[in-house]
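Inspection log for the structure reproduced underneath, given as structure tokens.
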Amino acid sequence: MNDWRPSASGATLARRARLLGDIRAFMAERGVLEVNTPLLASAAPAERGLASMQVDDGGYLVPSPEHGLKRLLAAGMGPIYQLGPVFRAGEAGRWHNPEFWMLEWYRPEASMADLVAETGALIETVAGVRCMQRCEYRVVFEAVTGLDPIACDTTALADWARQQRLAPVEAAADHDRAFWLDLIMSLAVQPTLGEHGPQCVIDFPAEDAVLVATDAERPGVARRFEWFWQGVELANGAQELTDADIARERMQREQRLRREAGAVETALDERLLGAMAAGLPPSAGVALGVDRLLALICGFASIGEALAFDWPRR
């Protein structure tokens, strides 16, 4: 069937326009400057979990404006944000669309706690809801699994996941801790979060941290946070890593893991590493999925209804 019609109603598109206006008003009131970095970049992020779309003449459609925004921070910009489309390969489903809108912003000299609070204020302002009290990753993970996600070993995580039928018994034994933590978090823990309002989870395990600072006083903990609402991830933020040498080492680790998994290995973003070496200021930042937020505000069961044309109708 040649269905040319939009997936969103006129009322939804009007609500979307109001949401975008409310976001921009919030940022303007707080002195955060809107900027636009390229959507087509010469290098892709190294993170193992990000599949970037490559274009025919070289380069990648950005899965996040993070690298461009951090280059601006290193050049001396103050608080900045970008609001617009980003792209990720292979992400189509109930709460995923390969092309979606992201709000991402950074504050130099800010702490993770500052951005947690500001993200909560933004959500409350534009969605008209009351956010729940933040909690630690370790606490919510233990409440569901009985396992300490910072201290337990890979075998314990894998055994629990298999017992709960989150993974087949024959699932590869060579998966690392990051794989099992992510699997359990997404399938068992995340659905329990944000039932009574948006909820922030802080201090994630450090296994897959790439451009995220780790806690100097608590080994194994990354200064990262995520916001959830009705079991859906809304935002992902962190205290940002500023050390270019550590960033290079972690990017190379991610490349190796990509190679071992048979995934496409991407070149390091030397421009980002150069910016970090020149002096990326201490900063905190966060990225928020605008389409998901709109869908939850409107009470939709999936992201498609919040888009003018969802993936099947593109």
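The values are calculated or read from the model by the stated rules, or taken from the named source; none is laboratory data. No experiment lies behind these values; they were computed from the predicted model shown. Reconstructed Cβ throughout: ideal geometry from the backbone, glycine too, with neighbour counts over all protein chains shown.
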Across the stretch 214-267, the tally of residues that are touching a Gly at 6+ places or on another chain (Cβ under 8 Å), closer than 19 Å to residue 50 by Cβ and of a type in the set (Gly, Ala, Ser) stands at 3
May I ask you to list pairs of residues, at least six apart or on different chains, whose Cβ atoms are under 8 Å apart, with the first in the stretch 134-161 being more than 27 Å from residue 113 (Cα to Cα) and the second being modelled with pLDDT under 95 and of a type in the set (Gly, Ala, Ser)?
-> 158/167; 158/171; 158/173; 161/167; 161/171
Has the stretch 117-129 got at least one residue that is in contact with a strand residue (DSSP E or B) (Cβ under 7 Å, 6 or more places away or on another chain) and of a type outside the set (Val, Ile, Thr)?
-> yes
Are there any pairs with C-beta distances below 9 angstrom linking a residue in the stretch 47-63 that is at positive phi to a residue that is aromatic (Phe, Trp, Tyr) and not in a loop (DSSP other than H, G, I, E, B), with the two at least 6 apart or on different chains, and if so which?
-> none
Given (1) assigned to a loop (DSSP other than H, G, I, E, B); (2) crowded, with 17+ Cβ neighbours inside 10 Å, where does residue 103 come up short, assuming only one miss?
-> (1)
For the stretch 16-38 the number of residues that are hydrophobic (A, V, I, L, M, F, W, C) and either crowded, with 16+ Cβ neighbours inside 10 Å or at positive phi (or both) is 6
Spot the failing condition for residue 74; the list is (1) touching a Leu at 6+ places or on another chain (Cβ under 6 Å); (2) within 21 Å of residue 303 (Cα to Cα), and only one is missed.
-> (2)
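Listed here are the residues, each with its yes/no results for (1) of a type in the set (A, V, I, L, M, F, W, C); (2) within 17 Å of the chain's Cα centre (by Cα); (3) at pLDDT 95 or above.
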residue	(1), (2), (3)
200	yes, yes, yes
213	yes, yes, yes
246	yes, no, yes
263	yes, no, no
Since residue 182 meets every condition but one in (1) crowded, with 22+ Cβ neighbours inside 10 Å; (2) assigned to a helix (DSSP H, G or I); (3) out of contact with any helix residue (DSSP H, G or I) (no Cβ under 8 Å at 6 or more places or on another chain), which condition does it not meet?
-> (1)
Number of the condition not met by residue 267 [criteria: (1) in contact with a helix residue (DSSP H, G or I) (Cβ under 6 Å, 6 or more places away or on another chain); (2) surrounded by fewer than 17 Cβ atoms within 10 Å (Cβ to Cβ)] | (1)
For the stretch 198-219, how many residues are part of a loop (DSSP other than H, G, I, E, B) and touching a Phe, Trp or Tyr at 6+ places or on another chain (Cβ under 7 Å)?
-> 1
Reported set for the stretch 201-255 where residues are crowded, with 21+ Cβ neighbours inside 10 Å and basic (Lys, Arg) is 223, 224
Hey, residue 31 hits all of (1) of a type outside the set (S, T, N, Q); (2) farther than 27 Å from residue 297 by Cα; (3) out of contact with any Phe, Trp or Tyr (no Cβ under 6 Å at 6 or more places or on another chain) but one; which does it fall short on?
-> (2)
Checked the stretch 53-68 for anything out of contact with any strand residue (DSSP E or B) (no Cβ under 6 Å at 6 or more places or on another chain) and at pLDDT 95 or above; matches are 66, 67, 68
